[in-house]
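See structure below.
The values are calculated or read from the model by the stated rules, or taken from the named source; none is laboratory data. Since the model is a prediction, treat every value here as computed from it, not as a measurement. No Cβ is skipped: glycine too gets one built from the backbone with ideal geometry, and neighbour counts run over all protein chains shown.
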Amino acid sequence: MIYRYTILYVASVPDTLNFYQAAFGFEIGFLHEGGDYGELLTGSTKLAFSSHALMATIGKEVATTPPAKPSYELAFETDDVAAALARAVAAGAEPVKPITEMPWGQTLAYVRAPEGTLIEICTPVG
């Protein structure tokens, strides 16, 4: 068994894909012709998005607004947190936590994507 993908539910799949492409440089791997499902090329595990509207048509009840205190985050690893943070903010991300050096040797910062997802931008650990 392998971990294939994570799907986040969003209002607009094309807008979300465009943000992640601009903010983090991920290529769009797939966008369904109806615009309700899409995937980013993020390595061996895909990050996918499905629209609230599509979920409603197939009978899935999903949250349509992000929680004020999320129970998850996405983490994107880079060697240059400062440059990645600047790029994300320029693309529309909301800064949440400035660049911080952690005791375990990792540098990180946090942003919130326009659709509400909390994102950690970090260096490799150690």
Exercise for the section: Go through the residues of segment 102-110 one by one and say whether even a single one is closer than 14 Å to PHE24 by Cα and without any contact (Cβ under 8 Å) to a residue 40 or more places away in the chain. Expected result: yes
Practice task
Give segment 92-115 a look and list any residue that's under 24 Å from LEU17 (Cβ atoms) and not in a strand (DSSP E or B), or say none.
Solution key: GLY92, ALA93, ALA113, PRO114, GLU115
Exercise for the section: Can you tell me which residue within segment 62-117, out of those that are loosely packed, with under 11 Cβ neighbours inside 10 Å and among the charged types (D, E, K, R), is nearest to VAL13 (Cα to Cα)? Expected result: LYS69
Exercise for the section: Scan segment 53-86 for residues that are part of a helix (DSSP H, G or I), within 29 Å of PRO124 (Cβ to Cβ) and over 14 Å from the mean Cα position of the chain (by Cα) and jot them down. Expected result: VAL81, ALA82, ALA83, ALA86
Completion exercise
Of the residues in segment 1-41, those that are in a loop (DSSP other than H, G, I, E, B) and modelled with pLDDT of 95 or more number 9
Practice task
State the number of residues belonging to segment 92-117 that are touching a Gly at 6+ places or on another chain (Cβ under 9 Å) and of a type in the set (S, T, N, Q).
Solution key: 1
Practice task
Quick one: in segment 1-30, of everything that is of a type in the set (A, V, I, L, M, F, W, C) and over 25 Å from THR78 (Cβ atoms), which residue is surrounded by the most Cβ atoms within 10 Å (Cβ to Cβ)?
Solution key: ALA11
